[in-house]
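Please read the structure below before turning to the comments.
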């Protein structure tokens with residue numbers, strides 16, 4: 001991932017006339033921008049949303065960063081959760097982080113619209129950057145953990161996958177097209193009084 005500190009660079013003052021500067025600007029419009037492209041000595045800033053999305057990826061946990069986004073004095077960024085994990089030292093340059101926020105990157109994130117992370121599972125939604133996380137927590141197509149209590153089952157999947165899994169692997173009596181209640185008994189009933197649960201599922 002590119003470090004945020006490498007995105008904004010000083011642009012050297014040009015000794016050219018206004019006419020030559022206009023020509024340079026029109027050249028810039030016609031050149032596809034990338035992280036390393038340059039025209040007439042001017043470094044191009046990342047233009048694609050995928051490139052910007054890379055900048056919003058925490059270098060420690062690789063998750064998308066949400067405010068507050070922290071940066072070190074050299075401009076390297078990371079998320080607030082990982083700031084604690086790295087003991088307040090930049091994972092890129094090892095400089096002490098302090099309490100510097102990268103307000104510019106937070107503002108850039110506001111302008112992005114991104115697909116749901118469960119797009120590969122069929123979700124067609126496109127969401128504002130800061131609304132995407134909330135949607136993904138409630139997305140109808142997100143994978144679910146197996147609800148079978150007391151077995152520490154690690155299976156995840158969409159609802160049809162879990163229905164099949166519950167029927168085949170846990171031998172739960174489920175009938176298509178109806179609502180059912182399934183009673184679970186806690187493996188160690190001495191831990192909790194009345195240690196039973198009722199799960200209601202409509203399939």
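The values are calculated or read from the model by the stated rules, or taken from the named source; none is laboratory data. Just so we're clear, the structure is a prediction, and the values are computed from it rather than from any experiment. Heads up, the Cβs are rebuilt from the backbone with ideal geometry, glycines too, and the neighbour counts pull from every protein chain shown.
On the stretch given as the stretch 127-147, residues that are assigned to a helix (DSSP H, G or I) and in contact with a strand residue (DSSP E or B) (Cβ under 8 Å, 6 or more places away or on another chain) total 4.
Could you tell me whether the stretch 162-184 includes any residue that is part of a loop (DSSP other than H, G, I, E, B), surrounded by 12 or more Cβ atoms within 10 Å (Cβ to Cβ), in contact with a helix residue (DSSP H, G or I) (Cβ under 9 Å, 6 or more places away or on another chain) and not assigned by TED's automatic domain parsing to the domain that holds residue 55? Yes - at least one qualifying residue is present in the stretch 162-184. The residue that is farthest from residue 75 (Cα to Cα), among those in the stretch 116-138 that are touching a helix residue (DSSP H, G or I) at 6+ places or on another chain (Cβ under 9 Å) and modelled with pLDDT under 90, is 117. Where in the stretch 1-110 are there helices (runs of 4 or more DSSP H), lying wholly inside it, with at least 1 residues that are at pLDDT 50 or above? Result: 49-55, 80-85, 103-110.
Yes/no matrix, rows are residues, columns are (1) under 26 Å from residue 59 (Cβ atoms); (2) surrounded by 13 or more Cβ atoms within 10 Å (Cβ to Cβ):
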| residue | (1), (2) |
| --- | --- |
| 90 | yes, yes |
| 103 | yes, no |
| 132 | yes, yes |
| 156 | no, yes |
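With respect to residue 92, determine if the residue is in contact (Cβ under 8 Å) with a residue 60 or more places away in the chain, more than 18 Å from residue 127 (Cβ to Cβ) and over 19 Å from the mean Cα position of the chain (by Cα).
Values: in contact (Cβ under 8 Å) with a residue 60 or more places away in the chain: yes; more than 18 Å from residue 127 (Cβ to Cβ): yes; over 19 Å from the mean Cα position of the chain (by Cα): yes.
Yes; evaluated as a whole, the condition is true for this residue.
Condition check: surrounded by fewer than 11 Cβ atoms within 10 Å (Cβ to Cβ) and at pLDDT below 90. Does residue 196 satisfy that? Judged against the criteria, residue 196 is not a match.
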